[in-house]
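The values are calculated or read from the model by the stated rules, or taken from the named source; none is laboratory data. Worth saying up front: this structure is predicted, and the values here are computed from it rather than measured. Note that each Cβ is placed from the backbone with ideal geometry, even for glycine, and that neighbours are counted across all protein chains shown.
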C-alpha cells in the first residue's frame, strides 16, 4: 500500500537542504540565472514577438538545467554527505539537457494552455508532472515517457504534492514581493539589483521541491522504471495493483 506524503516533512527537508547546501546552491544559481536573466531581460525589452519568445525559451532552458543540477545534488546527499561541486553537478546534468529542454517545452506549452483555458487543468498538469525532471535525470527515460512516469509517481498523493507546491509558491512569492517592493521604492537601479539577487536566492526552492518530492514518492511505493522493467516477468504479489 502506498504511503501518504508528509507535507510538512517535505517542506522541512527542502528548507534544510537549502540551508545546508547553500554553498553549492547559491553559486550554481548565480552561474545559471544571472547571465541568462540579463540576456532574457534584454530580449524581452525589445517588445517584439521574436524577442519575447527567445526570452521565454532562455528562461525555460536555464530552469531545466538548474533543476537537473539540483536533482543531482539531492541524489548525491542521499547517503548523508555531499560529494559533488557545482561544476561536477553541471557536467552530470549536461548529458540529459536536451531531453530536459524538449520535455520542458512540451510540458510548459500544455500547462500554459491548461491555465489559459480553465485554470484547473493547468494546475492538474503542474501537479502530476511535478517530478518529471528528476525522472529524466535519475531514470533516463526517453521521449515523453518522463511525463507518464511522473504521473505514476504522483498518483495517490496528488493533493499532497499540490499542497507542497502551493505552500512554497505562496511563501516565496510573498517574501519576494515584500522585499522587491521595498527595493523599488529606493530607486530603479536598486530594484534591478534586488530582483537579480532574489532570483538567485529563490531559484533553488522549486528545484529542491521537485527533487525531494521525487525521492519521497519513489520511496512511498513506486520503484524506478529500471527496477520495474526488471520485474516485468515476475508474477505480482498480493496487493500489487493497489
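Values as computed for the structure displayed
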{"quantity": "Residue in segment 153-169 that is touching a residue at least 60 places away in the same chain (Cβ under 8 Å) and at positive phi present", "calculated": "yes"}
{"quantity": "Boolean, residue 50 is over 19 Å from residue 93 (Cβ atoms), in a helix (DSSP H, G or I), out of contact with any strand residue (DSSP E or B) (no Cβ under 7 Å at 6 or more places or on another chain) and at pLDDT below 90", "calculated": "yes"}
{"quantity": "Residues of segment 123-142 satisfying the condition of being part of a helix (DSSP H, G or I), over 14 Å from the mean Cα position of the chain (by Cα) and without any contact (Cβ under 8 Å) to a residue 60 or more places away in the chain", "calculated": "123, 124"}
{"quantity": "Lone qualifier among 113, 101, 11 - being over 17 Å from the mean Cα position of the chain (by Cα), under 25 Å from residue 162 (Cα atoms) and assigned to a helix (DSSP H, G or I)", "calculated": "113"}
{"quantity": "Check on residue 181, modelled with pLDDT under 75, farther than 30 Å from residue 138 by Cβ and assigned to a helix (DSSP H, G or I)", "calculated": "yes"}
{"quantity": "Close pairs (7 angstrom Cβ cut-off, 6 or more residues apart or separate chains): touching a residue at least 24 places away in the same chain (Cβ under 8 Å) in segment 105-122, assigned to a helix (DSSP H, G or I) anywhere", "calculated": "105/60; 107/132; 107/147; 108/60"}
{"quantity": "Failed criterion for residue 211 (all others in (1) under 21 Å from residue 26 (Cβ atoms); (2) at pLDDT 70 or above; (3) crowded, with 19+ Cβ neighbours inside 10 Å; (4) more than 14 Å from the chain's Cα centre (by Cα) hold)", "calculated": "(4)"}
{"quantity": "Index of the failed condition, residue 222 passing every other in (1) at pLDDT below 75; (2) exposed (fewer than 14 other Cβ atoms within 10 Å of the Cβ); (3) closer than 16 Å to residue 3 by Cα", "calculated": "(2)"}
